[in-house]
Structure formats: C-alpha cells, structure tokens
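The values are calculated or read from the model by the stated rules, or taken from the named source; none is laboratory data. Just so we're clear, the structure is a prediction, and the values are computed from it rather than from any experiment. Every residue, glycine as well, gets a Cβ built from its backbone with ideal geometry; the counts of neighbours run over all protein chains shown.
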Amino acid sequence: MNPPVPPRAPLHPPAPEENREAARPASPDAQAQAPEPGTPGPASPSAASGEAAARPDTGPGTAGAGEILAAVAQAVAPDRIDSQLSLLNRCAEHDDVDLVVGPVLGAVVDAALRAALLTSGLVDPTTGGAAWRGLDGLPAAPAPGLGELSYDPATRRLRMARGTVLDLGPAARAWAAEQVVAAAEHDRPGTAVLHRAGDALAVAGPDDDAAVLLERELRAETGLGAAAWARLLAGGRRGVAVVEGPEHAVVNPVTGAAARSPWRQVVVVADRAVEAQAYARAAHLLGSEAPPWVAACGAAGRFAPSPAGSHAAPSSSSPEAAGPPARPGTRR
C-alpha cells in the first residue's frame, strides 16, 4: 500500500519559473547572524552527502572540486557540530530562528525548497526530525511542513519555526555534484566530466562521452550500458539520481515514517541533479504512479521493483530507457 500524497498541494508536473520560497508570514522573535563558512576544513565522509562520501571526479577538469566539497561540508555536514546546519537545527530545538546564513548553506536550502516545489511537498526538507525521534525511541510524527520554513535568496535570510529539523542531505549531494561539474566544465569546455556525490550525479560534455562515464560509474548498480545512457541524456539532461529503496529510507512527510516503496531502485535523469534527486525520491512515495508522473515532469526514469513489490512490473517513464540523516553532534 502506497503512502498518501501530502495534502499540502495538488500533485502535478511543475510549471516553469514558479516561486521558490515557501511562505511563512511570521515576525522573527529571535535573530542571529550565522557565521560565514570561513576557511573550510577537510570534508568528512558525509559532508557532501549526509549518507555517503562524495566520490572523486571521473574524467579531467577536477580543479576546484576539493574547495567546493569542503565549503559544502562546513555549511551543511550533519555530523559536524561546527557546521551551520548543526547550529541551525540546535537553535530551532528551543526557539523560532531568524538567520542570515552563509552563501553555501543558502544555496542548498534554496535547492531543497526547489525540490519540494517540484514534487508538491512530497520531498520535504523538514523531515529531519524523523531520525531524532527514532534515536530517542519516540513514535513517528508528521513533519512540520514547508509552512514552517521560508528563505529569501536575495538577503539569504532563513526563518524556521521552533521544533523544525532540516534534512538537507539529498539537496546538498545534488547541489555539490552540479557545482563541481560546472567548475570543471568552465575550465575545460566541451570535455566530458562526471561527479558523483552519493546517490546524485552530474555530467557535462557530449552525450556519447558523458554516457561512457555513466556506464563506467553505474553499470554494476543499474545494468545500463552507454547506449542506454546516451538515450536518457538526449535533450540536454545532465542530472542523474540513483535512489535505492526500501532499505534506504525516504521519509513520508505526512507520517514521519519511512516510505513503503515498491521499488528496489529508481533511476531518474533530468535537466539537473537537484531535479533528478527530487523526482527519484518522490517516486518511492508515489509507488505505481511514479513512472507516468516522472515522464510528465519532463524527466526519464527506470524503475526496478523490489521483491516485496514484485507485483509491480518493471517500468520506465521513457520509451528510450531500458538513509536517514545523522543527528547533529549535540543532542538535547
């Protein structure tokens, strides 16, 4: 039985250039200035992923990757008590917060809200408290929801209601992959390059060359060859997500519990890694409705059923296509 779709917004393919900000018309009663990333330290294994280490670039043009990943770690690593995300989540345990955040954290929050918008709230960054409740032996509870969070990209001001815990791992992985590849593409335009951060990948370069890199990186996991990847990349798609399930929990924001997904693995290829990641995670919540929905969003998908969901036939949303966040270091 598939989890219900959150009632916060009707499920439909996203319209272009929609407002990215989740409105919360609240006046801050606690205001602080979050530190800028400063001199970033070495990236921890979960820095760019929250669950898995960012992997080295495959192909040339890796200049700047280390600096980008270190900055992401300083901003959003959930297992570093000095990261801005850890500070934010700790502050929100006791009070409403109103923070002017650093540029990297702000960009990742913006990406997370974009993912929520694209999926009508199915992918919700306010589900971070689910892991905390599990560690404390508490029953699952609905996520606070996007109404408790707002972000203004122009001022980098973030407002968050008391009790909200952000999980930015998926957005951080996808955003980091995009930034590393963009830097490499700037240094060596026209050269195929791939960067992987956990379950999110970004590529650049000609379709056929980028497809070869994807085959090398993902063949053992997906079984897809270069020809299949080239077809999936057609039309300028350059973001890939490979999200496993159901053992890699995607949290249902309505219940706060892990989704009961019929899919063993969902592969989505979209214009950007942030979009691919959002669609792939939403697919685990949508179940059998996922293939046509992903296609309607303009992405291509490949859906492998899990043994528990073997009643669902192998499916693809394209005719061409053949875990919980760690709790921050300081607990209550």
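Of the residues D110, D208, only one is out of contact with any strand residue (DSSP E or B) (no Cβ under 7 Å at 6 or more places or on another chain) and on the phi < 0 side of the Ramachandran plot; which?
On the way: D110 fails: out of contact with any strand residue (DSSP E or B) (no Cβ under 7 Å at 6 or more places or on another chain).
Unique residue meeting the criteria: D208.
If I filter region 133-163 down to residues being in a loop (DSSP other than H, G, I, E, B), within 21 Å of the chain's Cα centre (by Cα) and modelled with pLDDT of 95 or more, which single residue comes out as surrounded by the fewest Cβ atoms within 10 Å (Cβ to Cβ)? So that I can check it myself, show each step before the final result.
Just the residues of region 133-163 that are in a loop (DSSP other than H, G, I, E, B), to begin with: 136-145, 153-156, 161-163.
Subset that is within 21 Å of the chain's Cα centre (by Cα): 142-145, 153, 156.
From what is left, the residues that are modelled with pLDDT of 95 or more are 153, 156.
Values: P153: 13, R156: 18.
Among those residues, the one meeting the criterion is P153.
Within region 180-209, which residues are surrounded by fewer than 24 Cβ atoms within 10 Å (Cβ to Cβ) and touching a helix residue (DSSP H, G or I) at 6+ places or on another chain (Cβ under 8 Å)? Break it down into steps so the answer makes sense when it comes.
Step one: filter region 180-209 for residues surrounded by fewer than 24 Cβ atoms within 10 Å (Cβ to Cβ), giving 182-183, 185-192, 206-209.
Once the filter is applied, which keeps residues that are surrounded by fewer than 24 Cβ atoms within 10 Å (Cβ to Cβ) and touching a helix residue (DSSP H, G or I) at 6+ places or on another chain (Cβ under 8 Å), region 180-209 yields A183, T191, A192, D207, D208.
How many residues does region 237-271 hold that are of a type in the set (V, I, T) and modelled with pLDDT of 95 or more?
Within region 237-271, residues that are of a type in the set (V, I, T) and modelled with pLDDT of 95 or more number 7.
Determine whether region 93-111 contains at least one residue that is modelled with pLDDT under 95 and either surrounded by fewer than 18 Cβ atoms within 10 Å (Cβ to Cβ) or farther than 22 Å from A73 by Cβ (or both).
yes
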